[in-house]
1. Using a basic spin-label model with each label point 7 Å from the Cα along Cα→Cβ, how many nm lie between residue 190 and residue 106?
2. In nm, give the distance between the simple-model label positions of residue 239 and residue 182, each being 7 Å from the Cα along the Cα-to-Cβ direction.
3. How long is the gain from residue 213 to residue 35 if the chain were fully straight, where each residue apart is worth 0.36 nm and the alpha carbon distance is subtracted?
4. If one computes the Cα centroid of region 192-251 and of region 143-161, what distance in Å separates the two points?
5. At what distance in nm do the modelled label points of residue 254 and residue 67 sit from each other, each positioned 7 Å from its Cα along Cα→Cβ?
6. If you average over every viewing direction, what projected area does the convex hull of the Cα atoms of the chain give, in nm²?
7. Highest mean first, what order results for 213-224, 85-96 on Cβ atoms within 10 Å?
C-alpha cells in the first residue's frame, strides 16, 4: 500500500529533546523516529548514528552505547574497501551554541583532546521539522581528526554500498528525491541554495518525483521507494536490518547493491 506523505507545517522555534539530553545514565532518546543499521560480515545489527563523511572517503557507524557508555565505532573506507572497528566511551552530553557534544574517550589507541560527536539542535536550523527526521550529526572527531558528515533535511534513507552513497529525501511538500554519490566521482563539499545548515556534495545521479510503498508492520515492515528517469528506474528498499538499491533498465535489473550500513528516518510527530 502507498504510504501517506508527511507534509510538515511551517517551522516553529521549539527546542527538541537534543538540548535536554544527559548521559548519566546514558539516555539516547531523540526527537526523530530514526534507526541506523550496520550490515557487515560478522558484524550486523542496530546502531545509533551514521556519518557519511565529506572530508574523508569514509562512512562511520556509531554503535549504541551500552550501560557503561562504551560504543563500537565502525569505519568503512570507500577507497580501499576495508573496514575497521574501535571502542570508545561516550561521555555526558554538553549543550553549547545550538549543538550537543558527546565527548569520546578512546578505550585503546591514541586519543585527541577534542574527540567528540557533534549533533545539531534541529530547532536552530532553517527547517526544524525536516532536520529532525534523523539525528543531525554534524561531525565526528576521532584521534584529533574531524570528519564532516553529510547533513541534509528530510532524510528518509541514507545508505552506503561498496560503490556509492544513496540518499532519499523529502521536501516540505512531501516530494521525494533520489541521489547517488559514486565513490569514483567524489565532488567537493557544498551548501544547498537557501539552506545555510546543509552540508553535502554534488550527486552522480539525481531524480525527483519518487513514490513510496509500505507493507507489513513491526518487524515485518517493508518500505520501497521508486524513481524513474528516461527509461531507467531506481529502487531503494529497506526491511528490518537489510537495505538495497536496484537499477533497472527497460525493466531488467542492471545493478543491485546491498547496504553495508544505512539509516532510515521520518518525523515521529508533525504538528
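Quick note: the coordinates plus some simple rules give every number you see, no bench work behind them. Everything quoted here is computed from the prediction, not taken from an experiment. Positions of Cβ are generated from backbone atoms using ideal geometry, with glycine treated the same way; all protein chains shown enter the neighbour counts.
1. So the label points at residue 190 and residue 106 sit 3.6 nm apart.
2. In this crude spin-label approximation the distance works out to 2.9 nm.
3. Numbers: separation 178, 0.36 × 178 = 64.08 nm, distance 1.84 nm.
The residue 213-residue 35 span can extend by a further 62.2 nm.
4. 16
5. Placing both labels 7 Å along Cα→Cβ, they lie 5.3 nm apart.
6. 14.5
7. Values: 213-224: 11.9, 85-96: 16.7.
With the highest mean Cβ count within 10 Å placed first, the list reads 85-96, 213-224.
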